[in-house]
């Protein structure tokens, strides 16, 4: 290596070193430490007692683990496809060639910048079975409003609905994807007699599949880590709430990790929960990427 | 010239810092309480600060709850924990077992070797773990049946039947009255309800309340086991299940979601606004009524009992003051704590918040209790307290899950309670022996 190259390399590493050090200390070290903790019993204070695979054995026999995993997967499997559909619909709406389109785009995007914890408080009022606006909407269509707070069968569905308020962000990305499609494709389709629907399914959809994949991965990531809404909605009540929603129906995985670590002071078990979660998420992500190869069209 | 100037400034700074260090100690005191109770605490801290210039206490409100002490734990672990913390007394054993609290046995002995005798016995018992003291008891409470006289009269019953002088009512009598008060609208949803014994969002319808009411025992400390499958606890859960079934479990849920949603403020407590005629709750509600519903026509009586002639019961909780691990001023913190948890501090808190003191001599001071509050003090004699367990929070949550399953008609009481035992006993086993 020439002296100039060596100097460049040294300077380069020097510039990157703050990030590398930060990454090593604040990301890598805690990750490895939590792996070590998952084989111990540790309250966060005093000594960590080594118990081998005890936490993992306990995990598979713990009904709350299965409940949390079920709740999280149920929510994710529902929220991700619905999210993609809503985002694409919003993007198509934002794509309309009308004069006031910028006003519509702003209006459609606005809900997604509201902070989630504030939205959660508003959500509780919004779905009040007697006085909530959403309940009035249901009654307008002659349907008995479901109890999104008190009925364990509906609490997660309610959160899926709430999550759609955040569809503005992905919608913008979809909009960019749709706008990137060359106009002449649509023009030649129209000449051949294709209607709007055929154009959508034949041209638009295949060409935005990379963005769909991106939204699915994003949605998967957010969905598996859902926490804020459940914490806000269930942390109230006299003496604190002790089940996360009726029948623990809002006990999501990350919420369960939080309770285990800080309410029951079991850092070791919480670490084991975290690692099992990591492995499951990794498998899911790998599966999604593998499956995506079949239906994603990247432009040559 | 520049250099000498810098040296002079540096020397001045160092000297002033050294002077600051002499004599004055600054403590931090954290609580997760919210107004109105936290306002009283702040006022008490101000009184202390005025009288004690050498030990200044900074009062800080932090997020948390009875069982959620995440902020405390992360702060202590990071070395930035407070010197004094306001901790729910029934979790003292659990936090002590985890190593979060400082052992104050030595300081207690130095202050007064007989300090234990100054406090209500069950309150002192909750501050102990493995023979050492980790907390000073602060306040306590008890639970009663509140009833709305107007609503009872409107349903055709004489409120005088609730008079505690006549002894407790039976659950069957209360159910008769409650079901008569229930009102529904066209769609079948409840608009007014007599009594929801198992509600925990606006009242104290906890598993412990009814388990104790039916004479159940929740733990066998000597054997190192929790005993949720105690036959009387199973009977209590069966009672809750049957009550829920008779009212329609999901319809009750909808009523609760409507009038007592998450984060509902005390001003809108369904009993205070006349939507619910009876509820089991504690003495802090007296303060709420005083502030938010002064014209409410209500009374208090014993929690209803299963059979005629049964002795009534209640249970008491309360808070305590602790010194978390890592405090650098343990002795000064203890001085502050012992004043707060002593006769002066407890008197101020009782007057300001209508909770009850744990300092025995104050309990016998009738001037501290207005007539309504007096009943709560009288039933302290028949009050249970929760077993101090190193797995207190886990046990509580597991019992709540079981109560949920039973009242939503998803599980029968015995199976639900057996699940609680299976979940909690293995964890408790790690801390044996308990003494």
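The values are calculated or read from the model by the stated rules, or taken from the named source; none is laboratory data. Being a predicted model, the structure only gives us computed values, none of them experimental. Cβ sites come from the backbone with ideal geometry, for glycine too, and all protein chains shown count toward neighbours.
Cβ separations smaller than 6 Å between residues 6+ apart or across chains give the following pairs from the stretch A:88-103 residues that are assigned by TED's automatic domain parsing to the domain that holds residue A:179 to residues that are surrounded by 13 or more Cβ atoms within 10 Å (Cβ to Cβ) and not in a helix (DSSP H, G or I): A:90/A:167.
So, residue A:268, is that one in contact with a strand residue (DSSP E or B) (Cβ under 6 Å, 6 or more places away or on another chain) and either more than 14 Å from every other protein chain (Cβ to nearest Cβ) or assigned to a helix (DSSP H, G or I) (or both) or not? It is true that residue A:268 is in contact with a strand residue (DSSP E or B) (Cβ under 6 Å, 6 or more places away or on another chain) and either more than 14 Å from every other protein chain (Cβ to nearest Cβ) or assigned to a helix (DSSP H, G or I) (or both).
Among the residues here, residue A:139 does not qualify as loosely packed, with under 15 Cβ neighbours inside 10 Å and either away from chain B (no Cβ under 14 Å) or in contact with a strand residue (DSSP E or B) (Cβ under 7 Å, 6 or more places away or on another chain) (or both).
For the stretch B:218-228, the criterion of a residue being closer than 18 Å to residue B:310 by Cβ and either under 24 Å from the mean Cα position of the chain (by Cα) or not assigned by TED's automatic domain parsing to the domain that holds residue B:411 (or both) is satisfied by no position.
Taking the criterion of being within 14 Å of chain B (Cβ to nearest Cβ), touching a strand residue (DSSP E or B) at 6+ places or on another chain (Cβ under 9 Å) and in contact (Cβ under 8 Å) with a residue 60 or more places away in the chain, would at least one residue in the stretch A:62-70 satisfy it? No, the stretch A:62-70 contains no residue that is within 14 Å of chain B (Cβ to nearest Cβ), touching a strand residue (DSSP E or B) at 6+ places or on another chain (Cβ under 9 Å) and in contact (Cβ under 8 Å) with a residue 60 or more places away in the chain. Checking A:150, A:202 one by one, the residue that is assigned by TED's automatic domain parsing to the domain that holds residue A:111 and part of a helix (DSSP H, G or I) is A:202 and no other.
Counting only helices (runs of 4 or more DSSP H) that sit completely within the stretch B:199-268, zero hold 2 or more residues that are more than 10 Å from chain A (Cβ to nearest Cβ) and at positive phi. With a requirement of 3 or more residues that are surrounded by 14 or more Cβ atoms within 10 Å (Cβ to Cβ), the helices (runs of 4 or more DSSP H) lying completely within the stretch A:1-67 that satisfy it span A:29-37, A:54-61.
For residue B:326, the requirement of being in a loop (DSSP other than H, G, I, E, B), over 30 Å from residue B:237 (Cβ atoms) and in contact (Cβ under 8 Å) with a residue 12 or more places away in the chain is met.
Against the list (1) within 27 Å of residue A:157 (Cα to Cα); (2) within 11 Å of chain B (Cβ to nearest Cβ); (3) in a helix (DSSP H, G or I), the condition residue A:278 fails is (2). A single entry from A:244, A:230 fulfils the requirement of being within 20 Å of residue A:72 (Cα to Cα), under 18 Å from the mean Cα position of the chain (by Cα) and within 14 Å of another protein chain (Cβ to nearest Cβ): A:230.
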